[in-house]
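Remarks on the structure that follows.
The values are calculated or read from the model by the stated rules, or taken from the named source; none is laboratory data. This structure is a prediction, so every number in the text was calculated from the model and none was measured. FYI the Cβ positions are ideal-geometry reconstructions off the backbone, even for glycines, and counts take in every protein chain you see.
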Amino acid sequence: MTVKNQLAIMALAAVVRTAAADVVNVQIKATANTDYGTNAVATLLSEVLTAPDGRATYQVAFEVTPPAGRSIRSGVTGTAGSSTAQSWGVGPENTLFNGDNDDRVERIGNLQITNFNANGGELDAGHFFGLSFTSVELANAQSANKDDVLVVLNGSMTNDLGDLVANPESIDLEALAGVPVTEFSLANGTTNTTDKWSVNQVGVSVGIAWRADWMRGAWGLSWAPEGMYNGRSETLVDDYETFLEQIGGLKTIDYVQLNLGMSYIYSPVHLGPHALLESFWRGDTDAEGNPINLVVPRASSGVDPLGEWAAATKAAGLKVQVYVNSSQMLRRGDIPNPAVIPDITERWTTWCDTNAAAQAFIASQPYHTDGTNTNRPYMFCYAEFVLKEYSLRYGELIDSYIFDSGYMLGSNGDNATGGVASEQLLYKAFSDAARAGNPNATVSYNNSPERDTEVLNPFSEAVHFEDYMFGHPYNGGNNIGSHTIGDPPLYDRNYAHIQKMTETGGNVHEGELTHDWLWDDRVVGHFYPPMSTTAWNAGQTPALTDAEFLLWNLEAMQAGGAISWGAPLNWPPGNGVSLLIRDWGMDQLALMDAHLCTNEVPGAPQWARQHTPLPDATIGQAYFHVLTEGVHFWDPEGDAVTNVSFASAAGGPSSWMTIAEMPGNPGSWQLTGIPTEAAATEYEFRLRIEDASGGTERKVRLGVNAPPAFLDGPEGYPVWAADPLELPDAVVHEAYAQVLIQGLDFQDFEETNLDVSKIGGAGWLSLAEAAPGWWRLSGVPSPADAGLETVELRVSDGTNATDCTLVFTVEPAVDKASILAAANQNYGTDAVATMLSDVQTAYDGLATFQFAVDVVPGAGTAIRSGNGGGATTSQSWGIFSSGETDNARFIFNGDEAEFVESIGNLRLVNFADGGGRLSAGDIRNVSFESITIADAQSGGKDSLYVTVGSVSNNLGDLGSNIHVVNLEALSGGSAPVTAFALGTSTTNALNKWSVNSIEVNYSVLGPETYSTWAYDHGLVGGHGAPGSDSGDLDGYANLAEFALGMDPNLADAGTRDSAGLVTTGGTGYVEWVYRRRSDHVAQGLSYLLIDSTNLVGPRSGTNAADHIQVGPAVDGYEPVTNRYSTGEPAKFIEFRIRQD
């Protein structure tokens, strides 16, 4: 048994982890030197004990009834022996059981929990169960032929023990009774005057069922991609985020099941890095150079799929259940390892047989080997060197472990059904290892559905070291809802799991007839079925009708049971969208979620999911977070939540945080304030939601972090965190919003009421206070704003102010173009087919261009376009093989195994600037987005594969016509797709389809603006003002240098404008020539020549030159010539540039 803690107090408490509970063994003594009173029932109490949650406190009590006219009395006996001041017997004469007095106690019973205090934890008195007497320790009852002890158990089982062997000696009451003992009595067995002894202490066992409490009325989904060996898991880290987004609208879901290990013969494959397991890969590759025997993501990849997925799950308010197959590194009987991991079992067992640490561990306990089961030591080694390491690494990220193939433990020396803890030591080792990093983690094992006594209980026997049942469905999980297969039908056999939960209130072994065990009475009923008829992670057909699905889930939730549904993914071996739940599955889940929202717990409003994550706060930083009705909580009847508050006015962050409904936004409740803690702090407190029907509380956690560093500034002035301050990027045409937070981006150490204003730059951005201390920059950039953007802000405390330049990039909008084949064209056998997009026009309305791509056919074939029937057109294309006729010429034919070697060399062609400032280099980020397939929707007939990079994706039939295949999703989204290949994935003669088009993404770099020009030249703060000349002091303001194409950091006066005398046709002119930006209209620039006849009076003329001539643009600047006749009166001319 694993001792969790020991209390060296008057009542010694040992805590042992077992089924669904911690079992606390308490030794209870009497109060020292006390006479409890004649005819008075004596209540004996344990010391105050602390529950396994570390918070709740309680005592254990029982009553002792003396015989009529006598009392219970404690104290040292006359001859002492092994008695103490707390030893007790029958008084009032002494503290002994005396044979000559025929001393006895009528009853020792009424075991109970008393003086319980939760102390802010989740436990209550209802979590305690299975109280029973385990032992009684007697003092001075060892004298041969003198002492005699009589014990009557449970009111009827009489045991005359005679004189005992030792002094003191402990009597095992459970062993005497063979069943749990809930009451007993003691008496002298003879009337011998020397028959004298006393009771030192009584042992009591208390079960505390709490670890699996969160699973009562909980449901979750299993997300199980396949083929995670040999490096594939390293590429799927981001795919899980997409899955979480897909289920983001489900409010009643409680957890997600993730794979720590894979299933069946792939059980050696694990989804977290592990140095030992990685060492079994020795650079092995197959004939094509792909890794083999690699069963974990490599440390060099820098990714931890399981760790990142678990953290993301927690951030989504869900708990994490992980799947492990108990066959782990071993073969399943005589089944060989798969070809992708052929040598992994031998390398594992060799390590266990030769590694010094492993050998020492195996030798450390005699039960690690049994002389019969050769795999037994390897299984203990897995628990110690693999499972425990994962548990310690992930800690509280993992809330539950679900071990499949429990028969591997039962067939290697353990007994899964006998109910004897000492015969379940492999189970214990696995459970202990799983809980090494999180003692609160729940555990279950798949010991198959019950078959011997199925009519009484469909759940198999529990083992001592699990908290909830695995709940494997009958018929291997296939067709679980069939009303026609089997006798009784599979529907009835599987629905029996739900009915058992309802019958027992979720405690599916409580009060059962097959066993009279108490230790399994709080094992939670859990069922683990697939949603489809065929597989836990795939399938096209629902296993249950919508009505049946609603029935099973509602009944199980209201009964206090749990269900883990196997989610049907589009294509488990794929990635991206392939790893999302099929549409029919999401439809059923959404329907069920809505049904549970309304019916599971009617009345008071309910919190969504298992947790309500709150973002961390920072000392001195304005905090702002919104809890939204319909997202974070809801009301079953649709009533409005009328209040969100702290459940207790004291404690937590309530000293600085306020909760209020947002004005003008009903249903949104904002948590605001500025933390005032002196040091970083972790809070755990309760929030309460209420409506007219009542209220519901939820425990939440909030971390308050230490404040960040700020720039130094003059005393009394506000300061910025940085200058320039970098902001996240924006995208053309997409709404942009960025919040600047007091205490994070700016601060004043003497003043809390600060004002922020915009003083320049980024005309499309507006600034407004969103909440106290939160200032929101927002707007929508246009194509003209693409590129580097700056904005000038000022923070003021009312007396002093400090400016800052904010810098970010406006990314160009992603434009799209479609590339099609030329209509009705045979590109030639073995010839590269070059296909073009339509002519694209840039945002300036001037530049035009196209994209080209090269399609390389398989050897001996040609790319050919034409109408192949169905949804194709004359520009649809396929593969033409010699001898094909009719429509077969224009399609991919499965019976010919047709394919293209590559589709790549994507490039810009036929660019023309149209007289604008754009160049070919401004067309950027060109990549493949998708390919549109026609006529590949026939189930069981059509089938295609797409290879992107090193990942080949067998998409099967596409399910719709026309179907867009997202290449970016197939690639994993880690890099732009610049090449791919595709072909038929079966040789079925009916496998026929065509390519309609290839879609590409691109972006066009936006024009330079004054703000980006200034920043590019290092002009920030006041130096970047349009009227400043601080950079080079050459007499030209920054705006003039921008407008003329000058360098603001180089004294280059006169290089871009000049004046001189010229004569044309006998007439003399004063000629002024300057360089004007060719995009001056878009930039809002005006170039003005203002003339007057004197320097005193008003200037009467504007651009009054006799002639203006504009030359061709060079590098984006066009020469503008202004001429004044020398025959005119004298003039004074000013060259002025302004920007609207």
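For the reader, a short list of remarks on this structure follows.
- Filter result (surrounded by 23 or more Cβ atoms within 10 Å (Cβ to Cβ) and under 47 Å from the mean Cα position of the chain (by Cα)) within the range 865-882: SER865, GLY868, THR872, SER876, TRP877, GLY878, ILE879
- Checked against (1) under 30 Å from GLN606 (Cα atoms); (2) surrounded by 18 or more Cβ atoms within 10 Å (Cβ to Cβ), GLY694 meets all criteria but (2).
- None of THR841, THR805, THR809 is surrounded by fewer than 19 Cβ atoms within 10 Å (Cβ to Cβ), farther than 30 Å from ILE879 by Cα, under 41 Å from the mean Cα position of the chain (by Cα) and of a type in the set (S, T, N, Q) except THR809.
- Yes/no for LEU513 being in contact with a Gly (Cβ under 6 Å, 6 or more places away or on another chain), more than 24 Å from ALA224 (Cβ to Cβ) and either assigned to a loop (DSSP other than H, G, I, E, B) or assigned by TED's automatic domain parsing to the domain that holds VAL463 (or both): no
- Taken together, SER757, SER693 contain a single residue that is of a type in the set (S, T, N, Q), modelled with pLDDT of 90 or more and either farther than 30 Å from ASP639 by Cα or in contact with a Leu (Cβ under 8 Å, 6 or more places away or on another chain) (or both), which is SER757.
- Long-range neighbours under 7 Å by Cβ, at least six apart or interchain, first residue under 23 Å from ASN447 (Cα atoms) within the range 323-344, second in a strand (DSSP E or B) and among the aromatic types (Phe, Trp, Tyr): VAL324/TYR401; VAL324/PHE403; SER326/PHE403
- When ASP1016 is tested against (1) at pLDDT below 85; (2) crowded, with 17+ Cβ neighbours inside 10 Å; (3) within 47 Å of the chain's Cα centre (by Cα); (4) not small (Gly, Ala, Ser), just one condition goes unmet, and that condition is (2).
- Strands (runs of 3 or more DSSP E) completely within the range 916-1010 that count 3 or more residues being closer than 30 Å to VAL1081 by Cβ: 923-934, 992-1004
Let's see how each residue does on (1) on the phi < 0 side of the Ramachandran plot; (2) of a type in the set (Lys, Arg); (3) in contact (Cβ under 8 Å) with a residue 60 or more places away in the chain:
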| site | (1), (2), (3) |
| --- | --- |
| LYS428 | yes, yes, yes |
| ASN438 | yes, no, no |
| SER444 | yes, no, yes |
| ASN447 | yes, no, no |
| VAL455 | yes, no, no |
| HIS464 | yes, no, yes |
| MET469 | yes, no, no |
| HIS472 | yes, no, no |
| GLY476 | no, no, no |
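- Residue within the range 850-860 that is assigned to a loop (DSSP other than H, G, I, E, B), buried (at least 20 other Cβ atoms within 10 Å of the Cβ), modelled with pLDDT of 90 or more and more than 43 Å from the chain's Cα centre (by Cα) present: no
- If you go through the range 948-970 and keep only what is without any contact (Cβ under 8 Å) to a residue 60 or more places away in the chain, surrounded by 19 or more Cβ atoms within 10 Å (Cβ to Cβ) and of a type outside the set (A, V, I, L, M, F, W, C), you end up with ASP957, HIS963.
- Qualifying residue in the range 342-351 (condition: of a type in the set (A, V, I, L, M), farther than 16 Å from ASP432 by Cβ and over 32 Å from the mean Cα position of the chain (by Cα)): no
- Of the residues LEU820, LEU727, the single one that is out of contact with any Cys (no Cβ under 7 Å at 6 or more places or on another chain), crowded, with 17+ Cβ neighbours inside 10 Å and under 30 Å from SER874 (Cβ atoms) is LEU820.
- Enumeration of residues in the range 813-824 that are part of a loop (DSSP other than H, G, I, E, B) and in contact with a Phe, Trp or Tyr (Cβ under 7 Å, 6 or more places away or on another chain): ALA821
- Flag for GLY870 being touching a residue at least 12 places away in the same chain (Cβ under 8 Å) and assigned to a loop (DSSP other than H, G, I, E, B): yes
- For GLY207, the conditions (1) more than 23 Å from ASN575 (Cβ to Cβ); (2) modelled with pLDDT of 90 or more; (3) small (Gly, Ala, Ser) all hold with the exception of (2).
- Test: ALA358 is buried (at least 18 other Cβ atoms within 10 Å of the Cβ) and over 25 Å from SER263 (Cα atoms): yes
- Condition check for ALA80: assigned to a loop (DSSP other than H, G, I, E, B), over 59 Å from the mean Cα position of the chain (by Cα) and farther than 17 Å from VAL105 by Cβ: yes
- In the range 665-683 there is no residue that is surrounded by 11 or more Cβ atoms within 10 Å (Cβ to Cβ), part of a strand (DSSP E or B), of a type in the set (D, E, K, R) and without any contact (Cβ under 8 Å) to a residue 60 or more places away in the chain.
- For the range 248-262, the tally of residues that are closer than 18 Å to TYR528 by Cβ and not polar (S, T, N, Q) stands at 8.
- Residues that are buried (at least 18 other Cβ atoms within 10 Å of the Cβ) and either among the acidic types (Asp, Glu) or more than 29 Å from VAL601 (Cβ to Cβ) (or both), drawn from the range 633-660: ASP635
- Whichever residue in the range 324-343 is in contact with a Gly (Cβ under 7 Å, 6 or more places away or on another chain) and not β-branched (Val, Ile, Thr) and, among such residues, is surrounded by the fewest Cβ atoms within 10 Å (Cβ to Cβ): GLN328
- Restricting attention to the range 475-503, the residues that are part of a helix (DSSP H, G or I), crowded, with 21+ Cβ neighbours inside 10 Å and polar (S, T, N, Q) total 1.
- Any chance ALA1059 is among the small types (Gly, Ala, Ser) and under 30 Å from ALA801 (Cβ atoms): no
- Residue ranges of helices (runs of 4 or more DSSP H) in the range 354-396 with at least 2 members over 30 Å from the mean Cα position of the chain (by Cα) and either among the charged types (D, E, K, R) or modelled with pLDDT of 95 or more (or both): 356-363, 376-382
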